[in-house]
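One structure below.
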Amino acid sequence: MAEKTPRHIAIIMDGNGRWAKKRLLPRGAGHRAGMNRMIGLAEHIFDRGVEYCTLFALSTENLSRPKEELDGLFSLFRDYFPANTERLKRKGIALRVIGDRSLLPEDIVALIAEGEAYTAGGTRGTLALAIGYGGRQDILAAVNEAVRRGREVDAEEFSAMLSTREMPEPDLLIRTGKELRISNFLLWQAAYSELYFTDVLFPDFSDKELDKAIEAYGKRERRYGKL
Ligand code: IPE
Ligand code: IPE
Ligand code: MG
């Protein structure tokens with residue numbers, strides 16, 4: 001029988017640029033709208049009884065976008081992050097950021113560390129924000145860690161070397177914005193995730209749309225290769 005509520009939902013938040021384009025606005029306006037949506041959506045997810053939520057905000061590859069777009073994204077982060085952290089803290093949600101911090105501006109790295117420390121006691125759930133994250137890079141870092149240990153590792157030990165080590169694997173992986181691909185998100189961790197793709201662009205991905213995804217998940221039969 002399928003579980004009713006996923007324990008861990010992961011979301012590829014795609015479609016901000018197209019949301020803006022449809023409105024003849026600059027791409028940055030789409031990112032602002034996406035950023036506005038993100039925290040409310042996360043709160044709704046935890047209100048639904050989900051314990052872990054991972055949001056893909058910026059991939060390793062996204063860091064090769066034009067400087068103007070990246071500067072805009074980082075400045076939105078500076079504007080929104082402190083208030084969002086406060087909201088998470090009030091809800092009892094612990095924030096974690098996964099990804100390669102050496103690729104991010106120093107002041108952003110400092111904000112992240114502060115936000116993680118400030119919310120660390122949260123026991124109601126964990127929100128992992130993937131920034132400068134790549135699934136392949138995550139796996140490679142773990143492989144290199146195994147090499148440093150100088151011996152073979154099993155799947156359990158390997159999982160514990162990934163950046164998601166404190167979280168169960170995602171039960172439900174959602175991608176907004178119409179594309180049907182994983183784009184280097186949680187490659188190892190999503191091996192048996194239920195996939196849900198929607199045409200809805202991320203800024204329009206409402207609480208109701210999320211409920212639809214959870215409902216669809218409830219009807220799935222997870223077999224893990226067994227009969
Ligand atoms: C997703 O929106 C957010 C980031 C990758 C930063 P996009 O910026 O990829 O939006 P589209 O795909 O161009 O619409
Ligand atoms: C995936 O979106 C990454 C994030 C949403 C953070 P992209 O817009 O980068 O994916 P592609 O380029 O369409 O595969
Ligand atoms: Mg995109």
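At-a-glance table
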{"read-out": "Answer from E86, E43, E69, E114 - the residue that is of a type in the set (D, E), away from ligand 3 (no atom under 16 Å from the Cβ), touching a Lys or Arg at 6+ places or on another chain (Cβ under 7 Å) and in a helix (DSSP H, G or I)", "value": "E43"}
{"read-out": "Test: residue in region 184-195 that is in a strand (DSSP E or B) and over 14 Å from the mean Cα position of the chain (by Cα)", "value": "yes"}
{"read-out": "Filtered residues of region 180-212 (kept if open to solvent by 20 Å² or more (accessible area, probe 1.4 Å) and either in contact with a Ser or Thr (Cβ under 6 Å, 6 or more places away or on another chain) or modelled with pLDDT under 95 (or both))", "value": "N184, V200"}
{"read-out": "Matching option when the condition is surrounded by 13 or more Cβ atoms within 10 Å (Cβ to Cβ), more than 15 Å from the chain's Cα centre (by Cα) and away from ligand 2 (no atom under 16 Å from the Cβ), among E157, E152, E215", "value": "E157"}
{"read-out": "Identity of the residue in region 38-61, within 11 Å of ligand 1 (Cβ to nearest atom) and under 25 Å from L210 (Cα atoms), that ends up surrounded by the most Cβ atoms within 10 Å (Cβ to Cβ)", "value": "F56"}
{"read-out": "Odd one out for G177, checked against (1) open to solvent by less than 40 Å² (accessible area, probe 1.4 Å); (2) within 16 Å of ligand 3 (Cβ to nearest atom); (3) part of a loop (DSSP other than H, G, I, E, B); (4) under 24 Å from R96 (Cα atoms)", "value": "(4)"}
{"read-out": "Number of the condition not met by E68 [criteria: (1) in contact (Cβ under 8 Å) with a residue 12 or more places away in the chain; (2) within 16 Å of ligand 1 (Cβ to nearest atom); (3) open to solvent by 30 Å² or more (accessible area, probe 1.4 Å)]", "value": "(1)"}
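The values are calculated or read from the model by the stated rules, or taken from the named source; none is laboratory data. In this text, all values refer to a predicted model and were calculated from it rather than measured experimentally. With ideal geometry, Cβ positions are generated from the backbone for all residues, glycine too; neighbour counts draw on all protein chains shown. Just so you know, the surface numbers come from the protein's heavy atoms only, side chains and all, with ligands and any DNA or RNA stripped out. Shrake-Rupley method; radii C 1.70, N 1.55, O 1.52, S 1.80 Å.
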